[in-house]
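To start, the structure itself, in structure tokens.
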């Protein structure tokens, strides 16, 4: 939903400039949640303890959390691809209990958002490094904007889909949607990835949630950019 030659009729050029200016200003009023908190003792990166391992190695852990307006993380978790990843996922989960995050701000108001991030653990010799990335590592976005771009973040609202979709039966659907630099979504697609296939009513409720939610746009080098927004829905 973006406004996508300078014409001989000069007045036709003026509205385009104005629309672009309005879109840029709107994006600048949407600041994503981040880990750069003033109290370093509360910063997630400083609270994570590197697990004991032998030799050199690395692990990339995919994580998620809801960041409240006060900066507390709740409903958080990390995916362990195998037993080797489990200690690293547990280290992030444990640190998240008392960590604080700078909340997202939209139009001057703090907002509760769904945050997707990655934690990279690197052991080389005696050095231990932990890097946090504010994106879920979606290949298309990484290729376009780099390893450390900031992904779009969705404001948690009424979440009407939760009253329509299965509560007891397991399912998982990946959402892919276009997210403009103005923070607006379009072209929502659902990809079934496990469990039962939810009803059309459930799938439509998820699509409506994605389209009606507020977002902070993706950022590359601090500049709002169009991206593909991804999120998993399920239980």
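The values are calculated or read from the model by the stated rules, or taken from the named source; none is laboratory data. Not measured: the values here are computed from a predicted model. Because the Cβ atoms are built from the backbone with ideal geometry, glycine has one as well, and the counts that use them run over all protein chains shown.
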Strands (runs of 3 or more DSSP E) wholly inside the stretch 1-115 that include at least 3 residues being surrounded by 13 or more Cβ atoms within 10 Å (Cβ to Cβ) and either modelled with pLDDT under 95 or in contact with a strand residue (DSSP E or B) (Cβ under 8 Å, 6 or more places away or on another chain) (or both): 57-67, 73-79, 104-106
Strands (runs of 3 or more DSSP E) fully within the stretch 132-235 counting 2 or more residues that are outside the structural domain of residue 102 (by TED's automatic domain parsing), in contact with a helix residue (DSSP H, G or I) (Cβ under 7 Å, 6 or more places away or on another chain) and surrounded by fewer than 20 Cβ atoms within 10 Å (Cβ to Cβ): 185-195
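Conditions (1) modelled with pLDDT of 95 or more; (2) closer than 18 Å to residue 33 by Cβ, marked per residue:
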site: 199; (1), (2): yes, no
site: 216; (1), (2): yes, yes
site: 227; (1), (2): yes, yes
site: 235; (1), (2): no, no
For residue 121: the one exception among (1) part of a helix (DSSP H, G or I); (2) in contact with a helix residue (DSSP H, G or I) (Cβ under 8 Å, 6 or more places away or on another chain); (3) not assigned by TED's automatic domain parsing to the domain that holds residue 197: (1)
